[in-house]
Amino acid sequence: MYDSDVASGAATVQALAGPWQSAGPVLAPPARVSLKARSDNRFVAAERAGRAALAATRGTTGSWEHFTLYDLGGGYVALRAAVNGRFVTAENGGRSPLVANRGSVGAWESFRLVRNANGTVSLLAVNHRYVTAAAGNRYTLLANAAGIGTAQSFTLVG
């Protein structure tokens, strides 16, 4: 699926060659992106410089709202937070909020990228649940939905 090397305590992921289609322009991996939640029209941030859960709470983008998107092949992607260089994980196999705290990519850090008919994307986590940014959880990202709706839809900006 992907190659991962750990050198000097920092992981690197080499994406498989070939462009892929996002919800807009063709992006050749890796690509610098931001995720904008359809549920509140706000950008996803790696809160507290990546030490806290990801949440869709920002009206503009800065380093906390930028991610490098890696194409792992087979429809899977990984996200690395720009603010701390760590990979986003579906913590505890998806039972806890998403957080950017991993140095390498494994199953919990791999997400299936689903392209929706309306031009948005959704992320399917290791627990076979879709990543959600819902008001009831203060727009904290959780992998807890069985299907795709507005709260599970994101626009890739990049």
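Points worth noting:
- Filter pass, Gly93 being part of a helix (DSSP H, G or I) and within 14 Å of Gln152 (Cβ to Cβ): no
- Ala78 being among the aliphatic types (A, V, I, L, M), modelled with pLDDT of 55 or more and part of a helix (DSSP H, G or I): no
- Scanning the range 34-75 for residues that are closer than 24 Å to His128 by Cβ, part of a loop (DSSP other than H, G, I, E, B) and touching a helix residue (DSSP H, G or I) at 6+ places or on another chain (Cβ under 9 Å) yields Arg38, Ser39.
- Within the range 138-158, residues that are without any contact (Cβ under 8 Å) to a residue 40 or more places away in the chain have Cβ atoms under 7 Å from residues that are surrounded by fewer than 24 Cβ atoms within 10 Å (Cβ to Cβ) and assigned to a loop (DSSP other than H, G, I, E, B) in these pairs: Ala145/Arg129; Ala146/Arg129; Ile148/Asn116, counting only partners at least 6 apart in sequence or on another chain.
- Residue within the range 141-152 that is of a type in the set (Ser, Thr, Tyr) and either assigned to a strand (DSSP E or B) or within 15 Å of the chain's Cα centre (by Cα) (or both) present: no
- Unique match (being more than 16 Å from Ala56 (Cα to Cα), among the hydrophobic types (A, V, I, L, M, F, W, C), touching a residue at least 60 places away in the same chain (Cβ under 8 Å) and part of a loop (DSSP other than H, G, I, E, B)) among Val105, Val126: Val105
The values are calculated or read from the model by the stated rules, or taken from the named source; none is laboratory data. Worth saying up front: this structure is predicted, and the values here are computed from it rather than measured. Positions of Cβ are backbone-derived with ideal geometry, glycine not excepted, and every protein chain shown enters the neighbour counts.
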